[in-house]
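Read the structure below first, then the notes.
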Amino acid sequence: MEIKREALPQDMDFRSRQLMSRDMLRGDLEDAELERFVEQAVMTTTLDRAVAWAQGNSIYPMTFGLACCAIEMMSIVAARLDIARFGFEAFRASPRQADLLILSGRVSTKMAPVIRRIYDQMLEPKFAISMGACCSSTGVFNNYALVASDKFMPIDVHVPGCPPRPEALAHGILKLRDKIQHNDREGWRERYDAVGTEEVVPVASGLGDGPQAADGHEGLLIARSTGDAAGA
Amino acid sequence: MPDAAGLEVIADELRAADPTSVLGTTFDRGRAEIQIDPSKNIEVIERLRKRGFNFLASLHGVDYYPQEPRLGVVYELLDMTEVDRISLKARVSIDDPKIASVTSIWPGSDFPERECFDMFGVVFEGHPDLRRILMPEDFEGFPQRRDFPVGGEPILFTYNETEQYGKDR
Amino acid sequence: MTALGDYRKREESISYSVESAGMGERHELLTLNIGPHHPATHGVLRLIATLEGEVVRDIKPIIGYVHTGIEKTAEQKSYWKVIPVVERMDYVSYYFNAMAYCCAVETLLGLEVPPRAQYLRVIHLELNRIVSHLIWLGTSALDLGAMSMFWYCFRERETILDLFEMSSGQRMHTRYFQIGGVFEDIPAGFAEKLQKFVDAMPTRADQYADLLEKNQILLSRLRDTCILDEQTLLGLNVTGPLLRAAGNPWDLRKAAPYSSYDHFDFKIPVGSVGDNYDRYRVRHAELYESTKIIDQALNGLPEGPTIADDRKVVLPPRHELATSMEALIHHFKLVTEGFRVPEGEAYYPIESPRGELGCFVRSDGSAKPARVHMRDPSFVNLQATAPMVKDSYIADLIATLAMIDPILGGVDR
């Protein structure tokens with residue numbers, strides 16, 4: 001992000017800056033001096049960029065470990081490659097509180113509707129990283145049991161590897177952070193002209209003798225992203 | 001493992017009790033196997049349990065396509081005091097894949113039998129809750145059978161995602 | 001759709017209901033769905049808990065959320081190429097999966113593994129056992145609330161993964177074990193680094209014990225909770241640390257030694273009561289024993305080849321391809337078609353960190369296996385959850401699930 005900052009004049013040392021700040025806080029600085037102080041002390045930027053910068057630096061990933069990649073995801077929280085350096089150590093279990101879904105591991109056909117439902121429950125702005133070969137493209141196993149994550153939910157960053165090293169995952173997360181901070185619109189939102197996905201409340205799939213769903217489908221199997229519907 | 005002679009002793013004891021239960025024995029590369037009549041599996045297992053093989057190490061299914069009878073259920077039994085292993089194989093045909101469940105003997109064969117049913121279609125009679133365990137409940141077909149296709153789908157990339165799913169659908 | 005309504009009905013407890021328990025009219029049983037996505041770090045396990053207040057009356061585990069069709073995929077690949085597929089089953093103890101499969105195929109082939117390869121296999125297996133127990137310890141402590149254990153355990157894990165990376169190039173799923181031995185000899189520097197690790201590990205394990213065992217909360221949560229006796233466990237076909245915690249010293253490394261385990265002197269930790277505390281203590285004690293085994297294996301490492309000599313099965317060494325035509329032909333044949341295995345079936349059990357891991361391979365004479373089945377210990381051990389947590393609190397359920405140490409990759413395959 002672009003930060004406009006004035007270089008410090010050579011005659012200003014730390015003590016003088018301190019005194020100037022103190023004067024400003026007391027209200028003793030006036031006009032030209034005050035302007036000069038503001039230019040030196042405060043960063044100017046647009047609100048969008050500031051918000052994007054803050055957003056990118058405070059992502060709450062969601063704990064979504066499925067298989068082997070989950071162990072490497074736990075490694076990035078561990079001490080050697082510490083993701084707390086970037087501010088992302090607050091892993092949240094609830095989708096309502098998280099904004100990054102790191103899909104780590106193989107997605108089976110039984111699990112896909114569950115993941116989709118959880119993704120839908122996340123609030124905008126939300127992002128998804130597909131970690132590892134298995135969720136990006138079924139990896140080693142291209143068979144009846146697995147489904148690539150692109151088929152049922154929109155993904156922002158794919159991280160290759162089987163499993164990706166913690167450094168590789170960190171690279172992927174930082175790439176996502178760059179994308180957020182630069183308001184990079186390239187991706188599924190641009191291609192589909194979408195503003196997000198819709199949470200589908202399951203219709204009627206009650207336990208026991210509840211009313212059955214009208215069209216015979218259990219609510220959580222219906223998943224759609226309102227691309228054109230929302231935009232049009 | 002019981003050696004070849006020991007295996008014959010066990011098989012003879014089983015035949016002495018019930019001549020039709022044992023269909024054959026095989027001793028190959030250290031593995032002792034007795035082929036049994038599927039309708040008599042519980043009796044044979046009980047006799048072997050009295051002999052000391054009272055731990056079920058594994059229960060799994062095999063598809064012997066194209067040989068008939070196609071589906072086999074293999075019980076790997078273990079004798080913990082003698083450290084002996086013996087396998088029992090019961091082959092059922094694909095048109096009538098029924099065999100008695102051993103959950104009354106070992107409650108821990110609950111999941112393996114459900115998996116065998118899910119993957120091969122072998123129906124275990126007497127199982128308290130026989131339904132699919134690994135595949136989704138409404139899945140049709142038995143994946144592990146040799147004539148079930150492996151499946152798999154072409155992978156979506158940006159260049160082919162419109163052909164596969166298309167925003168212009 | 002009545003089938004779906006049926007399904008919901010069948011998910012309720014089949015063995016416990018208000019009528020069967022003789023509860024009064026004003027009582028109600030709560031059916032709570034835990035999972036498949038939940039904060040506990042044990043993978044995608046779904047539990048349907050039937051609760052009476054906060055007491056668990058019945059538990060039904062529903063699995064299959066990470067079913068990968070590994071066994072079906074393995075039938076499509078030649079024997080050599082099955083190794084990476086099968087390794088990804090129980091994703092925390094990957095060397096064990098490869099070991100069980102390789103040994104089963106070696107039995108079918110009648111292949112003899114050279115002693116150096118056996119010792120190297122033992123070193124890597126025991127290192128993997130320590131990794132598995134460290135991950136278990138870190139995530140279980142996290143579940144119970146002792147969060148700092150996670151970082152300490154993963155620090156040790158990083159050291160071991162550095163060792164794996166030295167010997168094979170990968171941290172996880174290394175494809176280091178091959179049919180006939182191991183892929184490559186250990187590089188220079190591996191032995192020193194391993195020795196340093198082995199010298200430091202017992203102190204570290206002591207530190208873990210110090211952190212956890214004097215804590216009254218942990219002790220109250222683990223001691224005398226969810227006890228299950230040995231006979232019930234044997235009926236449930238449970239093996240591994242769960243059975244040893246109940247007092248049965250069954251360990252395949254001692255009972256039916258494979259791959260030179262009988263050359264090493266180590267003990268089997270056995271519990272007495274069979275509660276969660278014993279399960280924790282057994283696994284913690286196994287850390288020391290594995291370190292001892294690695295120490296002995298490292299110091300007694302014999303010289304020799306690291307893979308069997310049979311060129312029909314094992315790739316020739318790379319330098320020979322430039323000089324020998326035969327080696328080139330063997331290499332070509334092995335890489336394109338693979339080797340053929342004579343017809344037969346083999347079941348090879350080994351002792352993985354969770355219990356008896358067995359691999360059943362059936363070959364029909366071609367270059368691809370006709371059936372590969374992994375008897376996974378977590379799959380069978382998970383059946384013990386329901387009897388263990390019956391009539392305990394939900395908090396005990398979480399602790400017990402942590403102590404059972406299920407790995408859903410192995411459960412679902």
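Values in this text are rule-based calculations from the coordinates and carry no lab data. This structure is a prediction, so every number in the text was calculated from the model and none was measured. Please note: Cβ atoms are built from the backbone with ideal geometry, for glycine as well, and neighbour counts cover all protein chains shown.
Points to keep in mind about this one:
- Distance in nm between pseudo-label sites at residue C:326 and residue C:27 (7 Å out along the Cβ direction from Cα): 7.9 nm
- Phi to ³J(HN,Hα) by Karplus 6.51 cos²θ - 1.76 cosθ + 1.60 over segment C:180-192, Hz, x for Gly, Pro: x, x, 10, 5, 8, 6, 6, x, 5, x, 5, 5, 5
- The amide H of residue C:51, built 1.01 Å from its N in the peptide plane, has C:30, C:31, C:32, C:57 as neighbours under 5 Å, considering only residues 5 or more places off or on other chains.
- The calculated FRET efficiency for residue C:192 paired with residue A:189, based on their beta-carbon distance and R0 = 56 Å, is about 0.60.
- The HN-Hα couplings worked out from phi for segment C:117-127 by the Karplus form 6.51 cos²θ - 1.76 cosθ + 1.60 (θ = phi - 60°) are 5, 5, 5, 5, 4, 5, 4, 5, 5, 5, 4 Hz, whole numbers, x standing for Gly and Pro.
- Dipole magnitude for segment A:66-154: computed about the Cα centre from +1 point charges on Lys and Arg Cβ and -1 point charges on Asp and Glu Cβ, it is near 220 debye.
- Amide proton proximity set for residue A:158, modelled H, under 5 Å, gap of 5+: A:130
- Straight-line cross-link reach from residue A:151 at under 23 Å between alpha-carbon atoms covers these lysines, not counting any fewer than eight positions away in the same chain: A:110, A:126, A:175, A:179, B:167, C:72.
- With helices as the sole contributors, chain C gives -15000 deg cm²/dmol at 222 nm; each DSSP H run of n ≥ 4 counts as -39500 (n - 2.57), and the sum is divided by every residue.
- Note on segment C:262-413: Lys pairs 8 or more places apart or on different chains, Cα atoms under 21 Å apart, count 4.
- Per-residue ³J(HN,Hα) for segment B:87-100, Karplus 6.51 cos²θ - 1.76 cosθ + 1.60, θ = phi - 60°, Hz, x for Gly and Pro: 10, 10, 10, 10, 9, 10, 7, 7, 7, 9, x, 10, 8, 6
- Of the trypsin sites (Lys or Arg not before Pro) in segment C:239-318, those whose Cβ has at most 12 other Cβ within 10 Å and which sit in DSSP loop: C:312
- Segments C:83-89, C:401-407, B:137-143 sorted - mean Cβ within 10 Å per residue, highest first: C:401-407, C:83-89, B:137-143
- Angle between chain C longest axis and helix C:94-109 axis [Cα atoms, degrees, rounded to 10]: 50 degrees
- Sites listed here are trypsin sites (Lys or Arg not before Pro) in segment C:136-222 whose DSSP assignment is loop and whose Cβ has at most 14 other Cβ atoms within 10 Å: C:214.
- A Förster radius of 56 Å combined with the Cβ-Cβ distance from residue C:219 to residue A:171 puts the calculated FRET efficiency at roughly 0.85.
- Neighbour-count order for A:102, B:99, A:155, fewest beta carbons within 10 angstrom listed first: A:155, B:99, A:102
- Residue B:28 long-range amide H proximity, modeled H, under 5 Å: B:33
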